[in-house]
1. If we scan the stretch 203-219, do we find a residue that is assigned to a helix (DSSP H, G or I), touching a helix residue (DSSP H, G or I) at 6+ places or on another chain (Cβ under 8 Å) and surrounded by 19 or more Cβ atoms within 10 Å (Cβ to Cβ)?
2. Considering the stretch 172-217 alone, what residues qualify as being touching a Phe, Trp or Tyr at 6+ places or on another chain (Cβ under 6 Å), more than 26 Å from N236 (Cβ to Cβ) and among the hydroxyl-bearing types (S, T, Y)?
3. Going through the stretch 116-145 one residue at a time, which ones are among the charged types (D, E, K, R) and surrounded by fewer than 19 Cβ atoms within 10 Å (Cβ to Cβ)?
4. How many residues does the stretch 58-72 hold that are surrounded by 20 or more Cβ atoms within 10 Å (Cβ to Cβ) and either in a helix (DSSP H, G or I) or among the small types (G, A, S) (or both)?
5. Using the structure shown, decide if S316 is outside any helix (DSSP H, G or I), outside the structural domain of N123 (by TED's automatic domain parsing) and at positive phi.
6. Among the residues of the stretch 196-237, which ones are under 18 Å from L50 (Cβ atoms) and free of Cβ contacts under 8 Å to residues at least 60 places away in the same chain?
7. Only residues in the stretch 83-100 that are assigned by TED's automatic domain parsing to the domain that holds T139 and on the phi > 0 side of the Ramachandran plot count as the first member; pair them with residues that are part of a loop (DSSP other than H, G, I, E, B) and not hydrophobic (A, V, I, L, M, F, W, C), Cβ under 6 angstrom, at least 6 apart or cross-chain, and list the lot.
8. Assess whether M103 counts as being outside the structural domain of L317 (by TED's automatic domain parsing), in contact with a helix residue (DSSP H, G or I) (Cβ under 7 Å, 6 or more places away or on another chain) and over 18 Å from F167 (Cβ atoms).
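The values are calculated or read from the model by the stated rules, or taken from the named source; none is laboratory data. Values in this document were obtained by computation on a predicted structure and should not be read as measured data. Positions of Cβ are backbone-derived with ideal geometry, glycine not excepted, and every protein chain shown enters the neighbour counts.
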Amino acid sequence: MDIKNLLRKNIANLQPYSCARDEFKGEASVYLDANENPYNAPYNRYPDPLQWKVKEAISEIKHVPTVNIFLGNGSDEPIDLLYRAFCEPRIDNVVAIEPTYGMYKVCANINDIEYRKVLLNNNFDFSAEEMLQVADDNTKLMWLCSPNNPTGNSMNQHEILKLVQNFKGIVVLDEAYIDFSSQPSFAKRIHEFDNLVILQTFSKAWGSAAIRLGMAFASVEIVQALNKIKYPYNINILTQKQALKALQEKEQVSNWVKILTSERSWLIEELKKLDLICHIYPTDANFVLVKVDDANSVYQYLVNKSIVVRNRNTVSLCLGCIRITVGTREENEVLIENLKGY
């Protein structure tokens, strides 16, 4: 697949902005090129626009070459950039599973792109054939999330492969919660498919939601396109430094994942004992989707107890559902004890 043929013509022909740190790479003793204040080091200097040190550290852990890594201000930045790179406003469209992460639709609306939904089945899984049937010659992107949000389940890997192999556009697979799943990531397989983009994040297993750092793994051509249209210094120096620190503590992250998956099992078993719980859906994420008698009432009851969960009652296929993030044992116990008093 020639990715250049999928790009919007103005993006393919775009001459990107060249910042001072793009033109000079390496270390110098005197920097007089970027109109920076010479005082207040190190915060006076612009950060590396392509975040090579962070990418090198990520590459060692994820086993993805640095040239196949794009870093964004959260995963929301590459989501938005993919629309801007490949979708012509008011002409092109995208197809996505429903329900799923809401920013895919929000970014479609922002970029004036038609957003086509394909409902999941009763097991919250999808059919590649149904996705392909909804597509046409103007469908540029397909959106999948696995494990999915808000349902928590992992998608059928055979169906994911079928979609990637048969769709003539870009398939975006959001793996924000992959660290909590027993299924393998597709990140190591991007070399097999030019049209596959994998999204991951520092916000979940890495415990670093505050630094706003998202990862996109894709072919060199797609990464080059995203770099072409991103803002020059999209990842600030504080985020880069904290990311490097986190990447040096991967054993701690692995420990957090073990604890949270164990707590997830404990929480599910305790929820099963409660009369107000109608159904608990299978989950591979760090949250649990449960159906209750009255989602609005349960949500408000917990808010009054200073406990905040997510009310998903109005989301497609999630009528009567609330989404509960797995917390510490102490937080989980507080939740259960208060639900017993509902």
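1. If we filter the stretch 203-219 for residues that are assigned to a helix (DSSP H, G or I), which is where we start, we get 209-211.
From what is left, the residues that are touching a helix residue (DSSP H, G or I) at 6+ places or on another chain (Cβ under 8 Å) are 211.
Restricting the remaining residues to those that are surrounded by 19 or more Cβ atoms within 10 Å (Cβ to Cβ) gives 211.
Scanning the stretch 203-219 turns up at least one residue that is assigned to a helix (DSSP H, G or I), touching a helix residue (DSSP H, G or I) at 6+ places or on another chain (Cβ under 8 Å) and surrounded by 19 or more Cβ atoms within 10 Å (Cβ to Cβ).
2. none
3. Answer for the stretch 116-145, where residues must be among the charged types (D, E, K, R) and surrounded by fewer than 19 Cβ atoms within 10 Å (Cβ to Cβ): R116, K117, D125, E129, E130, D136, D137.
4. Residues of the stretch 58-72 that are surrounded by 20 or more Cβ atoms within 10 Å (Cβ to Cβ), as a first pass: 58, 64, 68-72.
Right, trim to either in a helix (DSSP H, G or I) or among the small types (G, A, S) (or both) and you get 58, 68, 72.
Summing the residues that are surrounded by 20 or more Cβ atoms within 10 Å (Cβ to Cβ) and either in a helix (DSSP H, G or I) or among the small types (G, A, S) (or both) in the stretch 58-72 gives 3.
5. Considered against the rule, which asks whether it is outside any helix (DSSP H, G or I), outside the structural domain of N123 (by TED's automatic domain parsing) and at positive phi, S316 comes out as no.
6. Of everything in the stretch 196-237, those that are under 18 Å from L50 (Cβ atoms) and free of Cβ contacts under 8 Å to residues at least 60 places away in the same chain turn out to be F202, I211, Q224, Y231.
7. Going by the 6 Å Cβ cut-off, the qualifying pairs are R90/D112.
8. yes
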